[in-house]
Amino acid sequence: MDEENYTAVVPTYLFDFNGTANGGNDTEGYLNVTTEMPVRYARPMYGFVMPFLLLVTIVANTLIVVVLSKRHMRTPTNVVLMSMALSDMFTLLFPAPWLFYMYTLGNHYKPLSPVESCYAWYAMNEVIPTLFHTASIWLTLALAVQR
């Protein structure tokens, strides 16, 4: 059985932002994981490299937050640096459970159900990481302006 032809089920009205649902059953539309990135590349990157990167990111950024949050280290520059560390950590932390489930555990070929989990997949892999990444960029700009 060719695992690359399977998709994660997502209702089509998930991407219909004009306020109207497309109707039909909940499996009318599909989010094909292989269209975002081929599985032969996504599986090694998200399944094997990402857990290692997550571990390094959590350890490094936790150490940064612990050091910079000490009372004698609280300066405006260090507050911005600590916020950047938290934003960068959350950028990877939110999609990590989903990527671990899909690619490390090899469930990328199975349909994603129930429908609520499809919404959670979209929010935690697209929306929330983008918010934290954008916050990190703005914090970098704030650091540059401060300097």
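The values are calculated or read from the model by the stated rules, or taken from the named source; none is laboratory data. Predicted model, so just to flag it, every value in this text is computed and none were measured. Don't worry about glycine lacking a Cβ; one is built from the backbone with ideal geometry, like all the others, and counts go over all protein chains shown. Side chains are part of the model used for accessible areas, which takes the heavy atoms of the whole protein and leaves out ligands, DNA and RNA. Shrake-Rupley method; radii C 1.70, N 1.55, O 1.52, S 1.80 Å.
Note down the magnitude of the dipole of region 39-146 about its Cα centre, charges +1 on Lys and Arg C-beta and -1 on Asp and Glu C-beta and zero elsewhere, to the nearest 20 debye. Show your work: numbers first, answer last.
On the way: 6 positive and 3 negative charges, 52 e Å.
With Lys and Arg at +1 and Asp and Glu at -1, about 240 debye.
Taking the simple approach of a point 7 Å from Cα along Cα-to-Cβ for both L143 and S117, what is their distance in nm?
Here the answer is 3.8 nm between the modelled labels.
Tell me, what HN-Hα J-couplings in whole Hz come from the Karplus equation 6.51 cos²θ - 1.76 cosθ + 1.60 at θ = phi - 60° for each residue of region 115-124, using x for Gly and Pro?
4, 4, 5, 5, 5, 5, 4, 5, 5, 7
Run the accessible area of region 54-147 with a 1.4 Å probe and give the carbon-and-sulfur part as a rounded percent.
Summing carbon and sulfur atoms, their accessible area is 74 percent of the total for region 54-147.
Can you give me the accessible area per residue for region 39-146, using a 1.4 Å probe, in Å²?
59
What FRET efficiency do you get for M37 and V59 if R0 is 22 Å and r is their Cβ-Cβ distance, rounded to the nearest 0.05? Mind dumping the intermediate values first?
Numbers: r = 27 Å, r/R0 = 1.21.
Computed FRET efficiency for M37 and V59: 0.25.
Expressed as a fraction of 2.2 N^0.38 Å, the rule-of-thumb size for a compact globular protein of N residues, what is the C-alpha radius of gyration of region 28-147?
After normalising by residue count via 2.2 N^0.38 Å, the value is 1.27.
Got a sec to turn the phi values of region 139-147 into Karplus ³J(HN,Hα) couplings, 6.51 cos²θ - 1.76 cosθ + 1.60 with θ = phi - 60°, whole Hz, x for Gly and Pro?
My calculation for region 139-147 gives 5, 5, 5, 4, 5, 5, 5, 5, 6 Hz in order.
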